Amino acid sequence: SQQGEEDPQALSIQEGENATMNCSYKTSINNLQWYRQNSGRGLVHLILIRSNEREKHSGRLRVTLDTSKKSSSLLITASRAADTASYFCATDNSGNTGKLIFGQGTTLQVKP
Amino acid sequence: DVKVTQSSRYLVKRTGEKVFLECVQDMDHENMFWYRQDPGLGLRLIYFSYDVKMKEKGDIPEGYSVSREKKERFSLILESASTNQTSMYLCASSLWDSTDTQYFGPGTRLTVL
């Protein structure tokens with residue numbers, strides 16, 4: 001079952017611009033995570049935000065969470081060509097089993 | 001650093017063959033996962049293991065089985081490979097619960113002819 005849905009599916013920007021990706025989900029969660037995937041590789045964890053948090057920062061990344069709207073956004077500031085990748089949100093579906101449900105991802109292209 | 005390794009990066013098999021994909025993690029993680037990734041469908045969970053010899057079906061278990069005889073190793077088995085199982089297969093592990101990061105292997109791109 002698909003829990004998170006990312007929007008847009010694809011995004012193309014120039015180096016130096018900001019990139020914003022959105023994730024919507026359907027059921028209550030304990031936390032939401034964002035992952036990054038370089039082409040043809042495994043996923044790498046970026047950041048986790050808990051359901052009682054509204055905003056979190058990590059370097060050039062800013063994540064927000066609005067549990068009333070069941071949505072999250074990932075902002076990458078001052079993007080670089082190396083940020084070109086696919087980005088996925090993942091939710092725990094309020095369980096505590098360790099399972100995550102991943103969205104379909106947003107493909108970001110940053111042009112030099 | 002946590003390391004998750006997968007037995008092959010690329011694999012080509014014929015329809016009807018039995019296929020084994022192996023995954024090994026080196027950080028004593030309780031949980032291990034097998035996903036498949038297809039364009040436009042994101043990651044879909046095939047099977048999940050939360051302890052040695054314990055397993056749970058994911059969203060798309062049909063045509064697959066798993067084995068976890070040792071904590072560090074989680075194998076995905078395609079009993080009789082079919083062309084619709086051509087996909088990227090990703091293994092992941094995590095320490096305990098859903099607040100823990102999942103660490104992914106590099107993936108195995110399987111082609112079934």
Quick check on A:CYS89: is it more than 9 Å from chain B (Cβ to nearest Cβ), within 21 Å of B:TYR47 (Cα to Cα), part of a strand (DSSP E or B) and touching a Gly at 6+ places or on another chain (Cβ under 6 Å)?
yes
Among the residues of region A:60-80, the number that are closer than 17 Å to A:GLU15 by Cα and either at the interface with chain B (Cβ under 9 Å from one of its Cβ atoms) or open to solvent by 40 Å² or more (accessible area, probe 1.4 Å) (or both) is 4
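I'd like the residue in region A:32-44 that is open to solvent by less than 80 Å² (accessible area, probe 1.4 Å) and assigned to a loop (DSSP other than H, G, I, E, B) and, out of all such residues, is farthest from B:ASP59 (Cα to Cα). Talk me through it step by step, then tell me what you get.
From region A:32-44, those open to solvent by less than 80 Å² (accessible area, probe 1.4 Å) are A:32-38, A:40, A:42-43; that's our starting set.
If we keep only those that are assigned to a loop (DSSP other than H, G, I, E, B) as well, we get A:38, A:40, A:42.
Details: A:ASN38: 24, A:GLY40: 22, A:GLY42: 20 Å.
Looking at residues that are open to solvent by less than 80 Å² (accessible area, probe 1.4 Å) and assigned to a loop (DSSP other than H, G, I, E, B), I get A:ASN38.
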Run down A:ILE47, A:ILE13, A:ILE29 and say which single residue is over 30 Å from B:TYR10 (Cβ atoms) and surrounded by 20 or more Cβ atoms within 10 Å (Cβ to Cβ).
A:ILE29
Scanning for something open to solvent by less than 40 Å² (accessible area, probe 1.4 Å), more than 25 Å from A:ILE47 (Cβ to Cβ) and not small (Gly, Ala, Ser), does region B:91-104 turn up at least one residue?
no
Which of the residues belonging to region A:1-10 are buried (at least 20 other Cβ atoms within 10 Å of the Cβ) and not charged (D, E, K, R)?
A:GLN3, A:GLY4
Scan region B:39-55 and give yes if some residue there is open to solvent by 40 Å² or more (accessible area, probe 1.4 Å) and more than 14 Å from chain A (Cβ to nearest Cβ), otherwise no.
yes
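The values are calculated or read from the model by the stated rules, or taken from the named source; none is laboratory data. Since this is a predicted model, take the numbers as computed values, not measurements. Methodologically, a virtual Cβ is constructed for each residue, glycine included, from the backbone with ideal geometry; neighbour enumeration extends over all protein chains shown. Keep in mind that these areas ignore ligands, DNA and RNA; they rest on the heavy atoms of the full protein, side chains included. Shrake-Rupley method; radii C 1.70, N 1.55, O 1.52, S 1.80 Å.
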